[in-house]
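Colleague: I have a structure here, written as structure tokens, and I will follow up with some questions on it.
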Amino acid sequence: RSDGHMMPVSLVVTPVSTDGVVSGAVLVFRDVTAQKRTDEQRAESAALLRRVQAGLLELATNTDLYRGDLSDAFHVITQVASHSLRVARASIWFFTDQHTAIRCADLFEQATETHSSGIELPASSFPRYFAELATEDVIVANQAQTDPKTSEFAVNYLIPLGITSMLDVPIRTEGKMVGIICHEHIGPARVWTPEEQQFAASVANTVSLVLEAADRRTAENALRENEEKYRNLRSEEHTSELQSQSTISYA
């Protein structure tokens, strides 16, 4: 353009002839910026769909998630979430007793491919965020630093780390919300699509299944231990009985 701005165009060239000799041409330029952006969005959506489908397949077929080791399972889940949604950080948090705080069970940072845990956020320091958690709805913050739901984290957390957008999804077991899985985007503010939100909800459901599997394994182990104790007790009783009979017979 005359102002130096570059734009994508389509060009139609129609030759102009005089007495059978091409003497010029009519050029028609059409701005296709909108069309190009639409094509790019379609390509991005298709790529996202492929990534989330691959992520869900990985979670669905990974039997190691359900062996009872929560730490290893959480590592896998946060990594899949981060890579599938292309977010810088993905983390799993659980409420403490009485819901007075949330504690990080696993935080995956894609830039360094590292995991950490143990951070605790008290409700007293972030009342608006915890009030939002109490609704048990998905927290969609495209502009996390200014969104009332998440702006309490801006000064000490979001701005220093460059986090611009957040997507937090509830984790539920037995019908109760027990925590959240958080996705944090670094870079230009991001609009979370319905597909991304659905994927995040599916990942949260995977966390729920992992927790239930761990509870079942704990219950099964406790049952086996009790059965073993019962067998040992019966064996000791039987031995004692035989010793008692032997003593009576000798007498």
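The values are calculated or read from the model by the stated rules, or taken from the named source; none is laboratory data. Since the model is a prediction, treat every value here as computed from it, not as a measurement. Glycine gets a Cβ as well: all are built from the backbone with ideal geometry, and neighbour counts include every protein chain shown. Protein only, heavy atoms only, side chains kept; ligands, DNA and RNA dropped before computing areas. Shrake-Rupley method; radii C 1.70, N 1.55, O 1.52, S 1.80 Å.
Colleague: Hey, rough spin-label estimate for ASN205 and VAL9, points 7 angstrom out along Cα→Cβ, what's it come to in nanometres?
Modeller: Once both label points are built, they end up 5.0 nm from each other.
Colleague: Okay, moving on. How many angstrom lie between the Cα centre of segment 85-144 and the Cα centre of segment 6-29?
Modeller: Answer, in whole Å: 60.
Colleague: In nm, to one decimal, how far is the modelled label at ALA34 from the one at GLU174, with both set 7 Å along Cα→Cβ?
Modeller: 5.6
Colleague: Determine, from the Cβ-Cβ distance of THR135 and ALA47 and an R0 of 30 Å, the FRET efficiency 1/(1 + (r/R0)^6), rounded to the nearest 0.05.
Modeller: Computed FRET efficiency for THR135 and ALA47 comes out at 0.40.
Colleague: When the distances between all Cα atoms of segment 14-92 are binned every 10 Å from zero, what whole-number percent does each bin get?
Modeller: 15, 26, 17, 12, 10, 9, 8, 4, 1
Colleague: If you roll a 1.4 Å probe over segment 122-185 with all protein chains in place, what percent of the accessible area is carbon or sulfur? Numbers along the way, then the final one.
Modeller: On the way: 1580 of 2880 Å².
Carbon and sulfur: 55 percent of the exposed surface of segment 122-185.
Colleague: Kindly report the accessible area of segment 1-83 per residue (heavy atoms of protein chains, probe 1.4 Å, no ligands, DNA or RNA), in Å².
Modeller: On the way: 5820 Å² over 83 residues.
Here the per-residue accessible area is 70 Å².
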